[in-house]
1. Placing +1 at every Lys and Arg Cβ and -1 at every Asp and Glu Cβ, with all other atoms neutral, what dipole size does the chain have around its Cα centre, in debye to the nearest 20?
2. Please check the chain for the longest run free of trypsin sites (Lys or Arg not before Pro) that are loop-located per DSSP (anything but H, G, I, E, B) and have at most 10 other Cβ atoms within 10 Å.
3. Among the complete DSSP H segments of the chain, which ones combine at least 24 Å of alpha-carbon extent along their axis with a mean Kyte-Doolittle hydropathy of -1.0 or more?
4. Per the Debye formula with a single identical scatterer at each Cα and no solvent contribution, what log10 I(q)/I(0) holds for the stretch 29-151 at q = 0.13 Å⁻¹?
5. Which one, 48, 134, 172, projects farthest toward the positive side of the charge dipole computed for the chain from Cβ point charges (K/R +1, D/E -1)?
6. Please get the size of the charge dipole for the stretch 120-230, origin at its Cα centre, with Cβ charges of +1 on Lys and Arg and -1 on Asp and Glu, quoted in debye to the nearest 20.
7. Of 35, 162, 189, whose Cα points farthest to the positive end of the dipole of the chain (charges on the beta-carbon: +1 Lys, Arg; -1 Asp, Glu; origin at the Cα centre)?
8. Looking at (1) 14.1; (2) 13.0; (3) 19.0, which value of mean projected area of the Cα convex hull in nm² comes from a calculation on the structure shown?
Amino acid sequence: MKNNALYILTFAISITLLSCKKDKSFDIVNSEFKAVSITKDRALSFYGNKGSSITDSKTIQDFIKDINMFNLDTDIDSKPRGEIIKFISADSAYFYNSEKTVYLKCAFKRDGNTIFFYETIYNYIRKDANTEKLYNDIVKYQPKILKSLALPTAGGLMYVETRENTMVGSINDQELKLYRFAFKLNKVLGNSGWQNVTGLPFNQFNESFLQSLGDKDMLAIQPYTFNFKN
């Protein structure tokens, strides 16, 4: 009887300690995460009218050929080279390159295991209006315009902006993941002809964008995860 009581007490204490350990949130300040790999989240997706899937391999390869950003996980020039993310306070982080030089300072916010980094870009020259809109619409977390200045030029107004870009990922005490995707879009814009837009944003793809694709439009999407270890 005593042995049974002792076993039950020991088991209860073990469960309590395990629960405390699981629920305890790690202290993010001064923690460092080092880049270790890039992985494809899934196979490349290729879309046509209203997001209909295109599977013809020749059509896909002709569309993305010679574009290295669709092969980040195998391209040696794209492999992680010791980049580090260091959390210097409860709401700010530094991104270091392989030479241990800070190349990016970001604010951040955590929502459970999801983490958002906010990069402020100064003196951003706005691209062609059509290209800019397509680039912004294709990402899930759109840039926020903090300040905009219109400057007259011979070709019309040029907009110089201060904007905030959002990067998104997930984090726990062992690893941090940043989400990124490569895309190439060919889109017909009324009488303006074709618009060709490519990009590699640290963001997630906005699935609702698929509904804007017309019968002659084509879109290739390749999601990646950049993996960091603590």
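The values are calculated or read from the model by the stated rules, or taken from the named source; none is laboratory data. Just so we're clear, the structure is a prediction, and the values are computed from it rather than from any experiment. Here Cβ is always computed from backbone atoms with ideal geometry, including for glycine, and neighbour counts include all displayed protein chains. Note: areas computed on protein heavy atoms with side chains; ligands, DNA, RNA excluded. Shrake-Rupley method; radii C 1.70, N 1.55, O 1.52, S 1.80 Å.
1. Working: 30 positive and 25 negative charges, 88 e Å.
Its charge dipole is roughly 420 debye.
2. That would be 101-230.
3. On the way: long enough: 2-23 (32 Å, 0.50).
In the chain, the long hydrophobic H runs are 2-23.
4. Normalising to I(0) and taking log10 leaves -0.86.
5. Of the listed residues, the answer is 172.
6. 140 debye
7. Among 35, 162, 189, the one farthest towards the positive end of the dipole of the chain is 35.
8. Computing mean projected area of the Cα convex hull in nm² and matching it to (1) 14.1; (2) 13.0; (3) 19.0 gives (3).
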